[in-house]
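This report concerns only the one structure given below.
Please treat every number below as a calculation from the coordinates, not as lab data. Source: prediction; values computed, not measured. Glycine also receives a Cβ, built like all others from the backbone with ideal geometry; neighbour counts cover every protein chain displayed.
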Amino acid sequence: MQIGMVGVGYVGLVSAACFSEFGVDVVCVDTDAEKINQLRDGKIPIFEPGIDRLVASNVAAGRLEFTTELNDAVRGSQAVFIAVGTPSRRGDGHADLSYVYQAAEQIAGCLDDQYTVVVTKSTVPVGTGREVAEIIRRTRPDASFDVASNPEFLREGSAIEDFMRPDRIVIGVDEARAADVLKAIYRPLFLRETPTVVTSLESAELIKYAANTFLATKITFINEIADLCEKVGANVHDIARGIGLDGRIGRKFLNAGPGYGGSCFPKDTLALVQTAQQAGAPMHIVETVVAVNDARKERMVDKIVEACGGSIAGKTVAVLGLTFKPNTDDMRDSPSLDIVPGLCNGGATVRAFDPQGMEEAKKMLDGVVWCDDAYSAMTGADCLAIITEWNEFRALDLERAKTLLTQPVFVDMRNIYQPDDMKKAGFAYHSIGRPTVNGAT
């Protein structure tokens, strides 16, 4: 079986590599010739643990190839996946579907007499699949095709595991024939009895938004509980464990922090708000989640200012972690994009380090002193702030850190250290939703 993958961004490349690992022949196409040439040369344009080995092995096996010619990816393929970007549209928060619709029109021009399933893998609002089908019919009224929705649920940093061992597969179709094609592609997962939801196009499209929005709401909820904990002397870790043990709630996504970011939650919450408003069924909870999360990132600047005695003017702040989460180089909507400029605007000098996100961060942040490692960032700083919980920040040499900092002030936005341990180590330690401790002398 052969499939085409239109777009070799994060979702497209990971999906293509994993499908080829299933034994499917995958032809990937992208208009970015430089990216295609990099992939042909074995250079991976994204950071995702394990993707380099997976791509290399399947290219060597002849199951995965890269091209700039759409015809090569469409003709002879039983299914063609659209995996292009759907960023938030500037000004109104709607998902920008121009790339999806352009891909649909171009795919239509390449279809041959073979029955083909055109699959939206990109995250798209309700109704997009219908519009894709209409575009193809207008362009190629004689084509034999169906449109399906197959949303992805990949977490950056663990995307391969998520693809190979998913919680569920969602397939949105009108025709059983299209469902059968997708089931054949996912056959290895069906053999593992992976739960599968076969539903309508509209339901499949909405499942992805509902899932991401619910998780964003859960994160925002525990962050507000953390704020309350700080006011009343409670410990958000104990609260999260106490409610997470309830099977109706669950333990995941109950880690307090500086707010959600990344390529999915910010744009998907905004897109769902717009979809709901247009449909006449406004989602006030989600609207509030978006507003609270935006405000939270700014509040983290205030937290650092308070830790520094009420002013950061003329002070130096060491920032560890810039990406929105560990094990990725993705800077999109990362809390650091609000926190770092806020510190600079307050008159602070920011010395920053991130294990993978430095190159992307340099494109988005100005006035930052870029450092080669965590300890270099600390040198001469008045305060140390952890924004992203990379593993290498979990066991810092605290004695060394104290000697490098001008003051032992530590702001832990991911709660990766224990307050009692930090007090014993002699730090003025500020975390999220837990009592502040002061071991500084």
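Helices meeting the span-like rule in the chain (full DSSP H runs, Cα extent of at least 24 Å along the helix axis, mean Kyte-Doolittle score of -0.5 or higher): 201-232, 284-307.
For region 291-438, lysine pairs with C-alpha atoms less than 15 angstrom apart, excluding pairs fewer than eight positions apart on the same chain, total 4. For region 68-90, the residues whose backbone nitrogen is under 17 Å from a point 7 Å from the Cα of Lys183, taken along Cα to Cβ, are 79. What shape does region 351-397 take by its C-alpha gyration tensor, where a ≥ b ≥ c are the square roots of the eigenvalues and a/c under 1.5 counts as rounded, a/b above b/c as prolate, and the rest as oblate? Judged from the Cα gyration tensor, region 351-397 comes out oblate (a/c at least 1.5, b/c at or above a/b). Highest average first, the peptides 373-381, 236-244, 331-339 ordered by how many other beta carbon atoms sit within 10 Å of their residues are 331-339, 373-381, 236-244. Which of these, Asn150, Asn235, Asn327, has the largest mean-square fluctuation under a Gaussian network model of the chain (Cα springs below 10 Å)? Checking each option, the largest mean-square fluctuation is seen for Asn235. Springs join every pair of Cα atoms under 10 Å in this Gaussian network model of the chain, and among Phe190, Phe22, Phe410 the largest mean-square fluctuation is at Phe190. Other residues within the sphere of radius under 14 Å centred on the Cβ of Gly346, judged by their own Cβ, net out at -2 (K and R +1, D and E -1).
Once Cα extents along the principal axes in Å is calculated for the structure shown, the corresponding label among [x] 78, 48, 42; [y] 68, 58, 50; [z] 106, 76, 48 turns out to be [x]. The helix-based estimate of mean residue ellipticity at 222 nm for the chain, built from -39,500 (n - 2.57) per DSSP H run of four or more residues and divided by its residue count, is -13500 deg cm²/dmol to the nearest 500. Distances between placed amide hydrogens fall under 5 Å for Val350 paired with Val317, Val369, all partners being 5 or more residues away or on another chain. Taking the DSSP beta bridges in the chain as the whole, what percent of them are antiparallel, to the nearest 5? The answer is about 10 percent antiparallel.
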